[in-house]
Amino acid sequence: MEEIIFQSGFLLCGFNVFSGRNHSDFANFKKTHKFFINMKTKLSLLTLALVSHFSMADVQYRLSITEPEHHLGNVDVTFPKSAQAHIDVQLPDWRTGRYEILNMANGIRFFNANDGQGNALKWHKIDKNTWRVHFEKPTEVTVSYQVYANELGMRSRHIDDSHAFIDASGFFMFSDSFRQEPVRVDLNVPKQWRSVSGMAFAESKHSFKADNYDILLDSPIETGINELHKFSVDGRDYELVIWGEGNYDVDLMLRDLKKLVKTGSLIWHDYPYDRYVFMVHATSGARGATEHLNSTIIQRHRDRFASRSDYIGFISTAAHEFIHTWNVKNYRPSGLVPYDYVDINYSDLLWLVEGSTSYLEDYLLLSAGITTNREFYNSLTRTVNRHMKTPGREVQSVAHTSFDKWINQGGDHGKNYSTNIYLEGALVSMALDIDLIDKSGGKVSYRDVHTELYKQHKLPKSFDAADVKRILKEISGRDYSNWWDNYVDGPAILDFDALFEKVGLEYVYPMGTKEIARLDGAAKSVGELLELTHVARDGNAWKAGLTAGDKIVAVNKHQVRKDLAATLSLFEAGDVVTIDFIRRHKLMSLELKLAKGYNSNKVIRAVQAPSERQAKLYKAWTGVSHPNAKN
Ligand SMILES: [Zn+2]
């Protein structure tokens, strides 16, 4: 019972009882108000709390954009009357969907606090993103500050003279004491701007309301000069809002988004929203996307919408974010429930959050008829080939890379010693899917795991690895513990030939592929020189002593220009050559045995004559017929 009272955030006799994870304020509160934890009064307090809750005032946020060209906004937040000795107000240290500490409090200036009568209150910072405001008698508290919002690519906060993208985590401070209370947001923006959000409008076209801070934080606002398209599918409302001018084809986008949003029924059989907003930034210098409660923000270069491959990039991203509406926004691993906005949220299942989402996006696109079989194989080929060129696949499990996502780094070391929740997460999901389909003769698939996660572990519940293993057993009748040890908790060494053979595909070099000599790594041009950006761990170049950052000058005393492949085409695999290179301003030299490579990458394609079983499993796997099936 104590737990219920403390977590519900009810107002008790004008005192707010604390909610959420940070109970440091609560300890303080307990000292001065011991009667709250007196067992005898508990029941009557709860009754009172239920009555009083409805009289609680909203937390009110006001954002005024008066100097958009300087990326500045002014925020006021008014918290309802509180009788504590102080309240702590905090700006999140990360934003949902990006598992990385972002230090967003670095953009705050001119912080001040006032009571309900406008009198200044004392405050001081107690850590990098927490301001403690002191007062002596019960009062409303308004804090004001300036925000510098110039992080477009982070999809956290951006203001310029044409728009603002407002992820509340980058703008709006919260107090744990009021996290569960209703919120209202009012924007003061240039007259011709239009505001759109997954949140419901309040009284004006630039004001929104939400049931609590968590919803506000997961419902970004796009406001500015934009184009807006609305459509309905199966009784639910959708909006596509685009900021920026690009080479996109809105009719095509709308046609495919309508097909895409129907696919939710293929896996989850139920929709967690009545209204959903696709926000698009057609811009430059920012690329990526983020999922939210009933909206997504997708950023692409303004010129990267028109070609078929660019367009598939866009619609695949839309599919990915749409899947997240269920996978992470409606069921998510225990380390992320509830979100802790000021600390790292550890989970060994981020591979299932991200990788499985990446994996399932191709299924949705193919079964909806948005992409073709061939486009599906191309996407799969890219994923598998990237994985095969990642030596880190032999080092790090998807469980470990999930847990360490917050500190993971890419680059040369990352490629050699790490895996990726998206890439390897997708392939582990695929391996599990094909295993389930194969062992059940096509009756059970990995999609059923997600159907059950949504059914059994909807928020505010959560799930952990044991729950996923239990669900696997429930749906397949088989124990997946050993499989999990091998492919999730240990580095997943996948046999792609065996996997693809089951569903009537093959992973082969295309006809005419030739053997070539290669230096196993990657390089980029820097001025006149060719700098190694990656040297594959334990490859010939690595063993000979080359490392990322070395600048290749010559092979066998002949200068290397931009095209290393052209230079190496004069040699054969196994030839020993002299490499001259610059390392830290010093000319050096070493001998290297050239590795064996091929002038084409392997491709995934359909087998010419699938067996009846292959054709059946292919259909169960993809939702469409095998292209070479007899009937
Ligand atoms: Zn994602």
Original post:
Looking at Ile323, is it within 16 Å of the ligand (Cβ to nearest atom), buried (at least 23 other Cβ atoms within 10 Å of the Cβ), among the aliphatic types (A, V, I, L, M) and over 22 Å from Lys230 (Cβ atoms)?
Top reply: yes
Subject >> Subset tally (residues that are in contact (Cβ under 8 Å) with a residue 60 or more places away in the chain and part of a strand (DSSP E or B)) for segment 509-531 >> reply: 4
Original post:
Within segment 389-418, can you find the residues that are within 16 Å of the ligand (Cβ to nearest atom) and modelled with pLDDT of 95 or more?
Top reply: Val398, Thr401, Ser402, Lys405, Trp406
Original post:
Can you name the residue in segment 294-314 that is part of a strand (DSSP E or B) and of a type outside the set (Lys, Arg) and, of all such residues, is nearest to the ligand (Cβ to nearest atom)?
Top reply: Thr296
Subject >> helices (runs of 4 or more DSSP H) lying entirely in segment 348-433 (those with 2 or more residues that are touching a strand residue (DSSP E or B) at 6+ places or on another chain (Cβ under 7 Å)) >> reply: 356-367, 373-388, 411-417
**OP:** Return yes or no: is Asp218 buried (at least 19 other Cβ atoms within 10 Å of the Cβ), of a type outside the set (Lys, Arg), touching a residue at least 40 places away in the same chain (Cβ under 8 Å) and in contact with a Pro (Cβ under 6 Å, 6 or more places away or on another chain)?
**Re:** no
**OP:** Kindly provide the set of residues from segment 339-385 that are in contact with a Lys or Arg (Cβ under 7 Å, 6 or more places away or on another chain) and more than 15 Å from the ligand (Cβ to nearest atom), ordered by number.
**Re:** Asp340, Ala368, Gly369, Ile370, Tyr377, Asn385
Original post:
Can you pull out the residues in segment 236-256 that are of a type outside the set (Val, Ile, Thr) and without any contact (Cβ under 8 Å) to a residue 24 or more places away in the chain?
Top reply: Asp251, Arg255
**OP:** Check every one of the strands (runs of 3 or more DSSP E) wholly within segment 559-631 and list those with 1 or more residues that are small (Gly, Ala, Ser), buried (at least 16 other Cβ atoms within 10 Å of the Cβ) and under 34 Å from the mean Cα position of the chain (by Cα).
**Re:** 603-606
**OP:** Determine, yes or no, whether Thr317 is surrounded by fewer than 21 Cβ atoms within 10 Å (Cβ to Cβ) and within 14 Å of the ligand (Cβ to nearest atom).
**Re:** yes
**OP:** List every residue pair whose Cβ atoms lie under 6 Å apart, where the two residues are 6 or more positions apart in sequence or sit on different chains, the first residue falls within segment 322-342 and is over 16 Å from Leu360 (Cα atoms) and part of a helix (DSSP H, G or I), and the second residue, located anywhere, is more than 13 Å from the ligand (Cβ to nearest atom) and among the hydroxyl-bearing types (Ser, Thr, Tyr).
**Re:** Ser334/Ser462; Gly335/Tyr346; Gly335/Ser347; Leu336/Ser347
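The values are calculated or read from the model by the stated rules, or taken from the named source; none is laboratory data. In this text the structure is predicted, and so the values were computed from the model without any measurement. Neighbour counts are summed over all protein chains in view; Cβ atoms, including those assigned to glycine, are modelled from backbone coordinates with ideal geometry.
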